[in-house]
Structures are given as structure tokens and as C-alpha cells.
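Everything on this sheet refers to the single structure shown next.
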Amino acid sequence: MAPQTELVDGTCCISNLQTSQTIAFARPSRSQRCACGGRRYRTTENGTLIDTKVNVTGLGPTKDAVELVKKLAALPEVEACFAQRVAEFSLGKALKSDPAGACFKKDIARRFEASGYNVRQLLLDLTQTDAFLYLPKDR
């Protein structure tokens, strides 16, 4: 039976430990190093079949990590979360601690969507914001 978990509403990304541990079960079969130095995937561990299926409430059952990532990537919340994390990294601060952060997050998410989720355009758009142009001197 596949592990059951759920996405947490109102948060950016999946952050609670239970969800992270459950989703870890969806990883593709673990790889091991071959004698040739390459990697190959195995489907068993200590004689037991590796079960990569996971059932996430709101997404439904998935057979492996690839299917899980495809389902997650199709969610607007995940796309907005990605844009937020890129912005936070670029600015060097958490947006939730910034009074104007909520407005900025929405603006960046809107721009990211309008660009067709083009990461290069997201980075360019970030450099054109007041938040980026007027970074404190210590950053």
C-alpha cells in the first residue's frame, strides 16, 4: 500500500516533516554504482521490492518520482512557490519578513506566469524591481 500524505494549504512548498518523509518514498528505485563506474537502478533492497508509489491527497496516487514531479509542477501554487524562492535567493531575504513581501510575491508570480514560466525571464524581471534595485548596501 502506498504511503498517504496531503499537501498543506496556505504554505509555500511542502515543508512539514511527515510530508517530506512520505514523498521521499516516491523516489525512483535507488541507484547503485556498477563495476564500470556508472550507475544503475535497482528495484529491490535486501531482497524486498522497492515500492516507489505514493498517494498525496489532492494529487492522487503516483507510481514514481517522475510522475509525482509532473503532477506537482502542474500546480499553480508550486509555480508561484518556485518564483518566490528564486526571488528570496536573489534578494537575500525571506519575503514573509518584508512588509511589502506579499505584494511582491504576487507580482513575481504573475510575471513568471505571463512569461510562460521562463526562468531566464524571471531572473531578468527580478533585476527590474525596486526591491532588487534598492538592496541595502550590506547585501
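The values are calculated or read from the model by the stated rules, or taken from the named source; none is laboratory data. The structure presented is a predicted model; accordingly, all values stated were derived computationally and were not measured. A quick note on method: Cβ atoms are made from the backbone with ideal geometry, for glycine too, and the neighbour counts reach across all protein chains shown.
Regarding Lys137, is this residue modelled with pLDDT under 90, out of contact with any Phe, Trp or Tyr (no Cβ under 9 Å at 6 or more places or on another chain) and in a loop (DSSP other than H, G, I, E, B)? The answer is yes for Lys137. Gly116 meets each of the listed conditions (1) modelled with pLDDT under 85; (2) not in a helix (DSSP H, G or I) apart from (1). Cβ-Cβ distances below 8 Å connect no pair with a first residue in segment 48-72 that is touching a residue at least 12 places away in the same chain (Cβ under 8 Å) and closer than 18 Å to Phe82 by Cα, a second residue that is loosely packed, with under 15 Cβ neighbours inside 10 Å and of a type in the set (S, T, N, Q), and a separation of six or more residues or different chains. Can you confirm whether Ser97 is surrounded by 11 or more Cβ atoms within 10 Å (Cβ to Cβ) and of a type outside the set (A, V, I, L, M, F, W, C)? Judged against the criteria, Ser97 is not a match. Apart from one condition, Gly92 fits all of (1) touching a residue at least 12 places away in the same chain (Cβ under 8 Å); (2) surrounded by 11 or more Cβ atoms within 10 Å (Cβ to Cβ); the exception is (2). Taken together, the residues in segment 87-96 that are farther than 13 Å from Arg111 by Cα and either hydroxyl-bearing (Ser, Thr, Tyr) or not in a loop (DSSP other than H, G, I, E, B) (or both) amount to 6.
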